[in-house]
Each structure stands twice: as structure tokens, then as C-alpha cells.
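Shown next, in C-alpha cells, is the structure this report addresses.
Read-outs: derived from the displayed coordinates by stated rules, not from any lab. Everything numeric in this text was worked out from a predicted model, so none of it was measured. When we count neighbours, we look across all protein chains shown, and the Cβ atoms used for this are built from the backbone with ideal geometry, even at glycine.
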Amino acid sequence: MDEKLKEAFHKAYEGEAKAALRLKIFAKEADREDLPQISKLFRVISFSEEIHGERALRMLREIKDTDSNLKESLLSETHVAGVAYESFIRLAENIGDATASNIFSNSRDVEDGHAKLYDYAINHLLGERETTYYVCQVCGYVSDGILPKVCPVCSAPREQFVEFK
């Protein structure tokens, strides 16, 4: 693929991914404000943006077989936890912003947990069983099969977890 086209598809993917996430968050806010039709509009357009992002990823040939996708995801999570978030934490600490440092620290710890889940799946231990996941809505921590009483990363109560069967 032409390098300029590749760069354009990368930018398209990044923009669409950001838009999809932003719109999902906007939909939650509209729900909180009891505006269901506006929430629906945000969710619908978010879904559309996801389609655009997927098309760009497919053109970039970044979607492969599941084993390759798991290995790529493990590498990405490991990098984000070990490199990106560490530098974000240092930046927040140097500025003296304890809240930002805490958010980045929580995210780093959660990303490390994601890497462990991918590693577990890569070793084919996941395919042999069916599991339920619980995700903390405060920090994103993922629990495999057990609903914690409190989040081990941010101490949110169990009511803050969403169940994925």
C-alpha cells in the first residue's frame, strides 16, 4: 500500500476510534440527563464510526487470525502499561497533580491485568472454560469469574461492576 494512503487510513482509524468512544460517553451523559432520544442518536452514530474504523483497520491489514490478534494485544497492553502510563505518571507527579497521577496509576494497573488476561488466553487456558467477566466502571479493572466486594485497583464498591457473560 502506498505510504501516504497508509498514513491516511491510520489517521482515519484513530479519528473514528476516538469519535466512537467520545459518542458512547456522550450517550451515557444524555441518559443521566434523561434524554433517551439524544442518547440513542449518540449510540447510533458511535456504531457508525466503529464501522468506519473497522474498514480502515481492514485496509491496513491489522486484523488477523485470533492467535495473532491476541499476541498483538498482549504486546500493546504490555507497552502501554510499562512505557506510556509510566511516563504519564511521572509527568503528573512532576507537575504535582495527585488526581492525574492516581488516574494514570489505576489505568497502568488495569492495563497490566489486561495483559495477563491475554497471556492466559494465548496459552489456550481460556478456550477450555466459559467465564463471566466483571468490569469496574470507575477504573476499568477486569475480574475474571469473580465479582469482587471492592475493586482491587480503585476500591470502588461491587455495585460499580458491570457483568459480561
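Below are the figures for this structure:
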| item | result |
| --- | --- |
| Mean Cα-pair separation over length for the stretch 5-80, i.e. relative contact order, pairs under 8 Å, 6 or more apart, % | 37 percent |
| Value of relative contact order over the chain, rounded to a whole percent, pairs C-alpha under 8 Å and six or more apart | 15 percent |
| For the stretch 13-165, size of Cβ-based charge dipole, Lys and Arg +1, Asp and Glu -1, in debye | 240 debye |
| Protection-proxy order for peptides 114-120, 6-12, each taking the mean of Cβ atoms within 10 Å per residue, highest first | 114-120, 6-12 |
| Calculated P(r) of the stretch 53-165 - Cα pairs past 25 Å, % | 34 percent |
| Viscosity 0.890 mPa s, 25 °C: Kirkwood-radius Stokes-Einstein D of the stretch 1-125 over Cα pairs, µm²/s | 144 µm²/s |
| Kyte-Doolittle at least -0.5, axis length at least 20 Å by Cα - qualifying DSSP helices, the chain | 36-59, 98-122 |
